[in-house]
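Visitor: Could you have a look at this structure, given as structure tokens, before my questions?
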Amino acid sequence: MVKAENITKSFDSLEVLRGIDLHIQKGEVVSIVGASGAGKTTLLQILGTLDKPTSGRVTIDGVDVNVLNERQLSDFRNKHIGFVFQFHQLLPEFTAIENVMLPALIGGESKSNAEKDALDLLEFLNLSHRIDHKPSEMSGGEKQRVAIARALINHPSVVFADEPSGNLDSHNAMELQNLFFSLREKYGQTFVIVTHDMNLASMCDRMIRVSDGQIVTE
């Protein structure tokens, strides 16, 4: 599902990633761990097409993303990639269902279909009672589940999560961790998760450790 070949990334003279090779299969839940500054988030952003490598190639679901122009890449990202961040990044003026529907509407889906899919996801995530609530009216755990529903609305090939439980208390963090595996069971979803939470990391199918811009253990 995701293939990275000899990925390097430099910012001027600072070498952040130094020859990363990585293969992730469909339906895998993979964690990426390492100390702060090891290059985890940079790697995730490159895998998720939010940044470009200095050299190397990323293939997602059989598509070489390096050869896509900006418009093609934006369209590919919308249809094939979901994102979950530490801070949910929900739009405060929109309700839960509106936030979830937005990527589908941007992708050209009809409002009726987008609304149906959003309702199905919110129901699966036990958020039916929050569909008309704005982010300010929800708990941290609820907001993060809405963000996950938004990431899933276009049935992406892979979901990239950057410290998804980092802003949650221990109870909500555990609920979120279990949710990733429920989603894998229901949808066959592939997840790549950068995390400092070793409980979450150790639950994953594989734990990849990054140090000084290289994979040191897998």
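The values are calculated or read from the model by the stated rules, or taken from the named source; none is laboratory data. Values in this document were obtained by computation on a predicted structure and should not be read as measured data. Positions of Cβ are generated from backbone atoms using ideal geometry, with glycine treated the same way; all protein chains shown enter the neighbour counts. Remember, those area values only see protein heavy atoms, side chains included, never the ligands or the DNA or RNA. Shrake-Rupley method; radii C 1.70, N 1.55, O 1.52, S 1.80 Å.
Visitor: So how much accessible area does Arg57 have, in Å² to the nearest 10, using a 1.4 Å probe?
Guide: Using a 1.4 Å probe on the heavy atoms, I get roughly 110 Å².
Visitor: Under a 5 Å amide H to amide H cut-off, with H placed in plane at 1.01 Å, what residues pair with Gly82 once short-range neighbours are removed?
Guide: Under 5 Å from the amide H of Gly82 lie the amide H atoms of Val158, Val159, Phe160, each far enough along the sequence or on another chain.
Visitor: While we're on this one: Rg and Dmax of the chain, Cα atoms, in Å?
Guide: Final numbers for Rg and Dmax: 17.0, 51 Å.
Visitor: Still on this structure, I have one more. Using a cut-off of 20 Å between alpha-carbon atoms, which aspartates and glutamates can reach Lys3, once sequence neighbours fewer than 8 places away in the same chain are excluded?
Guide: Asp21, Glu28, Asp51, Asp61, Asp64, Asp75, Asp162, Asp205, Glu218
Visitor: Ignoring solvent entirely, what values of log10 I(q)/I(0) come out of the Debye formula for segment 94-197 at 0.11, 0.13, 0.22, 0.24 Å⁻¹ when each Cα is a single scatterer?
Guide: The calculated log intensity ratios at q = 0.11, 0.13, 0.22, 0.24 Å⁻¹ are -0.31, -0.44, -1.25, -1.43.
Visitor: Continuing with this model, one more query. May I ask you to give the percent of accessible area on segment 22-90 that is carbon plus sulfur, with a probe radius of 1.4 Å?
Guide: C and S atoms contribute 50 percent here.
Visitor: Moving on to the next point. Report, for the chain, the % of DSSP beta bridges that are antiparallel, rounded to 5.
Guide: 50
Visitor: What net charge is computed for the residues neighbouring Leu176, neighbours being all others with C-beta under 12 Å from the C-beta of Leu176, Lys and Arg scored +1, Asp and Glu -1?
Guide: Once positives and negatives cancel, what remains is -3.
Visitor: Would you tally the net charge around Lys3, using a Cβ to Cβ cut-off of less than 11 Å, leaving Lys3 out, and scoring K and R as +1, D and E as -1?
Guide: Summing Lys/Arg as +1 and Asp/Glu as -1 gives -3.
Visitor: How high is the relative contact order of segment 71-166? Use alpha-carbon pairs under 8 Å, at least six apart in sequence, and give a whole percent.
Guide: It comes to 50 percent, rounded to a whole number.
Visitor: Please compute the contact order of the chain in relative form: average sequence separation of alpha-carbon pairs under 8 Å and at least six residues apart, divided by the residue count, as a percent.
Guide: About 32 percent, as a whole number.
Visitor: Further question: Relative to the longest principal Cα axis of the chain, at what angle does helix 170-187 sit, 0 to 90 degrees, rounded to 10?
Guide: 90
Visitor: Using helices alone, I'd like the mean residue ellipticity at 222 nm for the chain: each DSSP H run of four-plus residues gives -39500 (n - 2.57), total over residue count, nearest 500.
Guide: -11500 deg cm²/dmol
Visitor: I've got another one for you. Using a Förster distance of 35 angstrom, determine the FRET efficiency expected from the C-beta separation of Ser55 and Asp205, and round it to 0.05.
Guide: According to the calculation, E is roughly 0.75.
Visitor: Further question: For Lys9, list the lysines whose Cα falls under 28 Å from its own Cα; do not include residues on the same chain fewer than 8 positions away.
Guide: Lys26, Lys40, Lys52, Lys79
Visitor: Please work out the Cα center distance from segment 188-204 to segment 47-98, rounded to the nearest Å.
Guide: So the two Cα centres are separated by 19 Å.
Visitor: Return, ordered by residue number, the residues of segment 193-207 whose backbone nitrogen is under 17 Å from a label point located 7 Å along Cα→Cβ of Val216.
Guide: It comes to 195-198, 207, nothing else.
Visitor: If the elastic network links every pair of Cα atoms under 10 Å, which of Gly108, Gly56, Gly48 fluctuates the most in the Gaussian network model of the chain?
Guide: Gly108
Visitor: I'm checking a number: the convex hull volume of the Cα atoms of segment 1-59, normalised per residue, in Å³. What is it?
Guide: Cα-based convex hull of segment 1-59, divided per residue, equals 76 Å³.
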